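The values are calculated or read from the model by the stated rules, or taken from the named source; none is laboratory data. Owing to the predicted nature of the structure, the values given are computational and were not obtained by experimental measurement. Positions of Cβ are generated from backbone atoms using ideal geometry, with glycine treated the same way; all protein chains shown enter the neighbour counts. Keep in mind that these areas ignore ligands, DNA and RNA; they rest on the heavy atoms of the full protein, side chains included. Shrake-Rupley method; radii C 1.70, N 1.55, O 1.52, S 1.80 Å.
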Amino acid sequence: MRKVFIKTHGCQMNEYDSEKMLDLLAAKDDFTPTDNPEDADLLVLNTCSIREKAQEKVFHQIGRWKKLKDKNPHVKIAIGGCVASQEGKKITQRAPAVDIVFGPQTLHRLPNMYKDASQTFNRQLDVSFPKIEKFDYLPQSNTDEVTAFVSIAEGCNKYCSFCVVPHTRGHEVSRPVEDILLEINSLANRGVREINLLGQNVNNFKGTYRDKKTSLAFLIEKTSEIKGIDRIRYTTSHPYEFKDDLVELYKHVPELVSHVHLPVQSGSDRILKLMRRRYTASRYLDLIARIRANRPNISFSSDFIVGFPGESDKDFQDTMDLVEEVAFDESFSFVYSPRPNTPAAEMEDDISQEIKKERLAILQHKLNELSSKISRKMVGTTENCLVIGVSKKNPGELQARTENNRVVNFASNHDKIGKFVNIKIVDQLTNSLRGKLERF
Ligand code: SAH
Ligand code: F3S
């Protein structure tokens, strides 16, 4: 049996794609996954190009793998994901050790590309965007986890001025609702209890049901009717397309968690306009207020970019004010990184890297303070948690997740794995909470 080692950089979408690559290679070519690259016949790197740093890692990794190939010439190296999509042939020109280059929309062709590369010794390149055909080729998942991602849409049409995703993952295409529900049903039959509906901009989901266009809210309601699925999340949503029917859902669909990741990027209207985000800070705040009115205990997390070209002290202060006002839960923040083919990369930028880093530190300090305050407030409360598995640090304990995705470690028998339990939060640690199982 052949072995494959996959290394994944970047977002949850890439994690999902890598899982699918493993499923495909297992079904078609009898590959088994290995954790050790030295044992592998096929080395796959699923790359990310969202920021420059992520991209730099690719050629370093290829350099390390080339040494393994020098020892074992039958080993093949495959590069997938967004750097592959962006750079295409330039990858093999710069790194001749690479045998296969494939994009996010052609990952289903990896088994055939591997076969051709092995038989002909020719390099294989396919970074095209053949719509959504890949889903027709993906075998059923054989996961034994209790949570699962399900891709509902691919690509993005928003063209935020800083973002490379529309260029690397192609245009937005939604999967038909029937196909998605079939996948979720089969996951529920395997014991999955929590579904995370995945896409770059899930709020603009337009998948058809009985040949009619629907919405994310419709898909969530249908998903909530599936027996066994008691928790539903979605990532990532765009504030501009957060529709009224979705706001409404927070009133009457308890399966929909009380936590939303809603990237705002900046609190300055001037910067939001330059970013082409299509909303203002006050529209964002209004949306938050409308969701909160339907679900008072809900928490929000976000993504932020600091140091966008021309960001002034005042612009940055607007971001800090918005952060304070929303009181965000655990969030992500980045220094702006110019990306190829994006309009922001052409904008004049007179802010020094030093100031940008300083602003990032100030923002991150504030975000940590706020999320730690939320954790502190959870101590003493009883939380409905999904038990994910054995605790990473202590095999005698179990690990569960709260609705706002905090890790809780607690003592219990293994028979609770995969179940929802009530846990009383007794302590707050740096990256997790401690809890005590409540008896009914
Ligand atoms: N689809 C998602 C985000 C995809 S990228 C959305 O609608 O927001 C994930 C995050 O990376 C973004 O939210 C943004 O905060 C950050 N990001 C994207 N491009 C970036 C760039 N050029 N420089 C720095 N951060 C960036
Ligand atoms: Fe990128 Fe904006 Fe789409 S951040 S993924 S272009 S919504």
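Before moving on, here are some points about what is shown:
- Residue check, Val83 among the hydrophobic types (A, V, I, L, M, F, W, C), surrounded by 16 or more Cβ atoms within 10 Å (Cβ to Cβ) and part of a loop (DSSP other than H, G, I, E, B): no
- The set of residues from the range 198-208 being crowded, with 21+ Cβ neighbours inside 10 Å and hydroxyl-bearing (Ser, Thr, Tyr) is empty.
- The condition of being open to solvent by less than 20 Å² (accessible area, probe 1.4 Å) and at pLDDT below 95 holds for only one of Ser301, Ser333, Ser391, that being Ser391.
- Among the residues of this structure, Gln12 does not count as one that is within 16 Å of ligand 2 (Cβ to nearest atom), of a type outside the set (Ser, Thr, Tyr), closer than 20 Å to Arg123 by Cβ and open to solvent by 10 Å² or more (accessible area, probe 1.4 Å).
- Condition check for Ile50: buried (at least 22 other Cβ atoms within 10 Å of the Cβ) and β-branched (Val, Ile, Thr): no
- Test: residue in the range 178-197 that is open to solvent by 30 Å² or more (accessible area, probe 1.4 Å) and within 16 Å of ligand 2 (Cβ to nearest atom): no
- Qualifying residues in the range 213-267 (those that are open to solvent by less than 20 Å² (accessible area, probe 1.4 Å) and assigned to a strand (DSSP E or B)) - the one farthest from ligand 2 (Cβ to nearest atom): Arg231
- Residue tally, condition in a helix (DSSP H, G or I) and more than 16 Å from ligand 1 (Cβ to nearest atom), over the range 282-317: 12
- When Ser237 is tested against (1) modelled with pLDDT under 95; (2) on the phi > 0 side of the Ramachandran plot, exactly one condition is not met: (2).
Yes/no matrix, rows are residues, columns are (1) without any contact (Cβ under 8 Å) to a residue 40 or more places away in the chain; (2) touching a strand residue (DSSP E or B) at 6+ places or on another chain (Cβ under 6 Å); (3) among the small types (Gly, Ala, Ser):
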position: Asp144; (1), (2), (3): no, no, no
position: Ser161; (1), (2), (3): no, no, yes
position: Val165; (1), (2), (3): no, no, no
position: Leu181; (1), (2), (3): no, no, no
position: Val192; (1), (2), (3): no, yes, no
position: Ile195; (1), (2), (3): no, yes, no
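- Residue selected from the range 127-175 under the condition assigned to a loop (DSSP other than H, G, I, E, B), near ligand 2 (Cβ under 9 Å from one of its atoms) and not hydrophobic (A, V, I, L, M, F, W, C), by the criterion nearest to the chain's Cα centre (by Cα): Gly155
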